[in-house]
Amino acid sequence: MPQGSFALLEDRGILAVSGEDRRTFLQGLVSNDTAKISSARAVYAALLTAQGKYLHDFVMVEHADAIWLDGEAARLADLKRRLSLYRLRAKATLAEMPELGVAAAFGVGAHAALGLPEAAGAARALARGVAMVDPRLAVLGARVILPRDELRPALIALGLVEREFAAYDRHRLALGIPDGSRDLVVDKSILLEAGFDELNGVDWQKGCYIGQELTARTKYRGLIKRRLFPVKIAGTSPAPSAILTLDGKEAGEMRSSADDLGLALLRLETVKALEQPNETGVVALRPPWMRLDDS
């Protein structure tokens, strides 16, 4: 049987939201429906500005009497601060959980090793934590949250082979999945440019949340002019935020990369030209999950 892999995600951290109002408190703030969250289902969502611009994104899953938010470790205090501004009289508490670690399991056999189906968002209890299929895309793999000192031994015991973070990063890039503020610009990026619609990050039927009106307007008026694409890089990778030019005009901006793979925010009008070898040094790739009007 094929053997899956795992990589420790040292750049991730857990913010626990507990209290009897935890679900309703988050419901009015984040882009997805917190009613969907349970110990058997994880949900992907974002926190936006009132103008619908990106602030944070995270995976949410219920464990015991709390909802765990798996977010960027370096920005977890900022996420806690921003959410706390809206707590008011809600019976909810927010606490960083530095004792918990996060790992990604990926490759053929990873889901089976964790006892999970290949269904985005499926989750289950695992020892003193939780294992879940990535709610964005099942083929991306699974995520495991456990006490830090238990994480590596538990995954090895399940038959998964440890690999460097770079291996998982290449896997992510090949699928065209953004990685938080590495690929989205805080207070500037728009969710739909980064595929949040197709990647299960927005619920269009839920009630209001911060930035909801402008997010919906962007979708229904077809205002998206740029999208994040995975790209194949020839030669040296352009630095993050480097401007890509084609025929003397701006074609897009580079985001994260690893070796010959990366993500770039491309103008949709230039994508067809960029799908062929060109002067920018990057070739646009279309992941199967992405929906485009001309496809």
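Every number in this text was worked out from the coordinates using simple rules, so none of it is lab data. Note that the coordinates shown come from a computational prediction; the quantities given were computed from them, not determined experimentally. Virtual Cβ from ideal backbone geometry, glycine too; neighbours counted across all protein chains shown.
For the chain, the relative contact order comes to 20 percent (Cα pairs under 8 Å, sequence separation of at least 6). When the Gaussian network model of the chain links Cα atoms closer than 10 Å, the mean-square fluctuations of F196, F165, F229 top out at F165. Per-residue Karplus couplings for the range 67-81, computed as 6.51 cos²θ - 1.76 cosθ + 1.60 with θ equal to phi - 60°, are listed in order as 9, 8, 9, 8, x, 6, 4, 5, 10, 5, 5, 5, 4, 4, 4 Hz, Gly and Pro entered as x. Taking only the C-alpha atoms of the range 1-88, the Rg (one decimal) and the largest Cα-Cα distance, Dmax (whole number), read 14.0, 52 Å. Here's the list of aspartates and glutamates a cross-link from K53 could span, going by alpha-carbon distance under 14 Å and ignoring same-chain residues fewer than 8 apart: D183, D187, E193, E213. Using a Gaussian network model of the chain in which every pair of alpha carbons under 10 angstrom is joined by a spring, one finds that among L26, L88, L15 the greatest mean-square fluctuation is at L88. Once the other residues with Cβ under 12 Å from the Cβ of R128 are scored (Lys, Arg +1; Asp, Glu -1), what is the net sum? After counting each charged neighbour, the total is -2. For the range 82-92, putting each phi into the Karplus relation 6.51 cos²θ - 1.76 cosθ + 1.60 with θ = phi - 60° gives couplings of 5, 5, 4, 4, 9, 5, 6, 9, 5, 7, 8 Hz, in residue order, rounded to whole numbers and with x for Gly and Pro. Sorted largest first, the spans of the alpha carbon positions of the chain along the three principal axes are 56, 48, 30 Å.
In loop segments of the range 170-231 as defined by DSSP, the trypsin sites (Lys or Arg not before Pro) with at most 14 further C-beta atoms inside 10 Å of their C-beta are K188, R221, K225.
In straight Cα distance, which aspartates and glutamates are under 12 Å from K232, not counting same-chain residues fewer than 8 positions off? Answer for K232, where 12 Å is the Cα cut-off: D259, D260, E275, listed by chain and number.
When the charge dipole of the range 121-276 is built from unit charges on Cβ atoms (+1 for Lys and Arg, -1 for Asp and Glu) and taken about the Cα centre, the candidate among G129, I233, A251 whose Cα reaches farthest toward its positive end is G129. Each listed q (0.17 Å⁻¹) maps to a log10 I(q)/I(0) for the range 193-295, found by the Debye formula over equal Cα scatterers with no solvent: -0.80.
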